[in-house]
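Let me begin by handing over the structure; questions about it come next.
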Amino acid sequence: MFKNVGESTIKEINLENGFYVLHFQNESAEKQTFERTINSTFIQLHFCLRGNSKFLFNNGSYSFDVLDNRSILLYNPQRTLPINLEIQPKTTLISILISIEKFHSLFSKESGYISFLSGENSHKKYYDDNEIKPIVAIVLQQIINASVNSSVRELYVKGKVYELLSLHFQKDEAALGEYCPFLVDEQNVLKIRKAKEIIISRMAEPPSLQELANEIGLNLKKLKEGFKQIYGDTVYSFLFDYKMEHARKLLESNQYNVNEVGLQVGYSTASHFIAAFRKKFGTTPKKYVMSFQS
């Protein structure tokens, strides 16, 4: 299905029976609406890459928003949740509709840590709201910007959706460490979380590792080991990914040119920023903006 309304597009790809992808792109200045019936055997995953969308239920008596850079999961085997969607201006949304049968076939071995697949929850309704992981955002952009031959496009998108699901639901052992005092000393966890806040707030001119360790009151070894355990990456690799994601959003806003974005995330020369952006996303900032606008 492909629907074009002015500056807005709605695409639906049927990957296989019980497995669909919807892409909503509203570039107009007006709110757009979309409705689709769907039965209670489906899991709904909605990823809002930018903008704001609102889902309405019970003839509008109940609603909730899917905000910028957030994802939601909906599953209610006890009642139907038809899609009644309001898409605000300048919004990009990707939705995955997958039957619980298909989902089980993909994640049967992981049901122990995917909450709504566990035995005691398998017949209960489930709702989840999370920030989109940077690595998931990259795959979503690849789905949107797929420049492959139309004859293999559905195969390409299907592969990317499998990748998307595996990344979205992968067991985040690093995140467990952030909240579990049995894995890392609780006071040290707070200090390492403070370290993350510091490097993000000063991304243009981040402190050295030793300066960071001194500021949070940890020795250098504990900072390195703790940060890797909690966030699954080194301090500067984490910061690099964060800076590139922030740069991507600044470029999408169309408020800054490439040089200005580079300066905001800490690159004194455009060439260094362009090289870093290409390393992360496989394209230059200028080409990314052009593909995004198109």
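The values are calculated or read from the model by the stated rules, or taken from the named source; none is laboratory data. No experiment lies behind these values; they were computed from the predicted model shown. Every residue, glycine among them, receives a Cβ derived from its backbone with ideal geometry; neighbour counts consider all protein chains shown.
Here is a check on your reading of the model: is F34 modelled with pLDDT under 90, in a strand (DSSP E or B) and in contact with a Phe, Trp or Tyr (Cβ under 7 Å, 6 or more places away or on another chain)? Step through it out loud before you land on a result.
Numbers: modelled with pLDDT under 90: yes; in a strand (DSSP E or B): yes; in contact with a Phe, Trp or Tyr (Cβ under 7 Å, 6 or more places away or on another chain): yes.
Considered against the rule, which asks whether it is modelled with pLDDT under 90, in a strand (DSSP E or B) and in contact with a Phe, Trp or Tyr (Cβ under 7 Å, 6 or more places away or on another chain), F34 comes out as yes.
Test of understanding: among G266, G217, G232, which residue is touching a residue at least 24 places away in the same chain (Cβ under 8 Å), surrounded by fewer than 17 Cβ atoms within 10 Å (Cβ to Cβ) and over 20 Å from the mean Cα position of the chain (by Cα)?
Exactly one residue qualifies, and that residue is G217.
Also, quick follow-up: Could you grab me the full set of residues in segment 195-235 that are among the hydrophobic types (A, V, I, L, M, F, W, C) and in a loop (DSSP other than H, G, I, E, B)?
We begin by selecting, within segment 195-235, every residue among the hydrophobic types (A, V, I, L, M, F, W, C); these are 195, 198-200, 203-204, 209, 212-213, 216, 218, 220, 223, 227, 230, 235.
Listed by number, the residues that qualify are M203, A204, L218.
In segment 253-263, which residues are surrounded by fewer than 17 Cβ atoms within 10 Å (Cβ to Cβ) and either in the same structural domain as R50 (by TED's automatic domain parsing) or outside any loop (DSSP other than H, G, I, E, B) (or both)? First the steps, then the outcome.
Residues of segment 253-263 that are surrounded by fewer than 17 Cβ atoms within 10 Å (Cβ to Cβ), as a first pass: 253-257, 259-260, 263.
Within segment 253-263, N259, E260, L263 meet the criteria.
Suppose we filter segment 66-92 for residues that are surrounded by fewer than 19 Cβ atoms within 10 Å (Cβ to Cβ), under 30 Å from Q255 (Cβ atoms) and not polar (S, T, N, Q); how many remain?
Result for segment 66-92: 6.
Hey, another quick one. Checking S63 against (1) part of a strand (DSSP E or B); (2) at pLDDT 85 or above; (3) exposed (fewer than 14 other Cβ atoms within 10 Å of the Cβ), which test does it fail?
It is condition (2) that S63 fails.
Of the residues Y179, Y162, which single one is modelled with pLDDT of 85 or more and either over 28 Å from T91 (Cα atoms) or out of contact with any Asp or Glu (no Cβ under 7 Å at 6 or more places or on another chain) (or both)?
Details: Y179 fails: modelled with pLDDT of 85 or more.
Checking each option against the conditions leaves just Y162.
Here is a check on your reading of the model: is S8 modelled with pLDDT of 90 or more and closer than 16 Å to L93 by Cα?
Working: modelled with pLDDT of 90 or more: no; closer than 16 Å to L93 by Cα: yes.
No: the conditions fail for S8.
Now a separate question. Going by what's in this entry, would F55 be described as without any contact (Cβ under 8 Å) to a residue 40 or more places away in the chain, under 20 Å from T9 (Cα atoms) and outside any loop (DSSP other than H, G, I, E, B)?
Working: without any contact (Cβ under 8 Å) to a residue 40 or more places away in the chain: yes; under 20 Å from T9 (Cα atoms): yes; outside any loop (DSSP other than H, G, I, E, B): yes.
Here the answer is yes, as F55 does meet what is asked.
Ok, one more. Would you check which residues across segment 20-31 are in a loop (DSSP other than H, G, I, E, B) and within 22 Å of the chain's Cα centre (by Cα) and list them? Reasoning before the result, please.
Residues of segment 20-31 in a loop (DSSP other than H, G, I, E, B): 27-31.
Within segment 20-31, just E27 meets the criteria.
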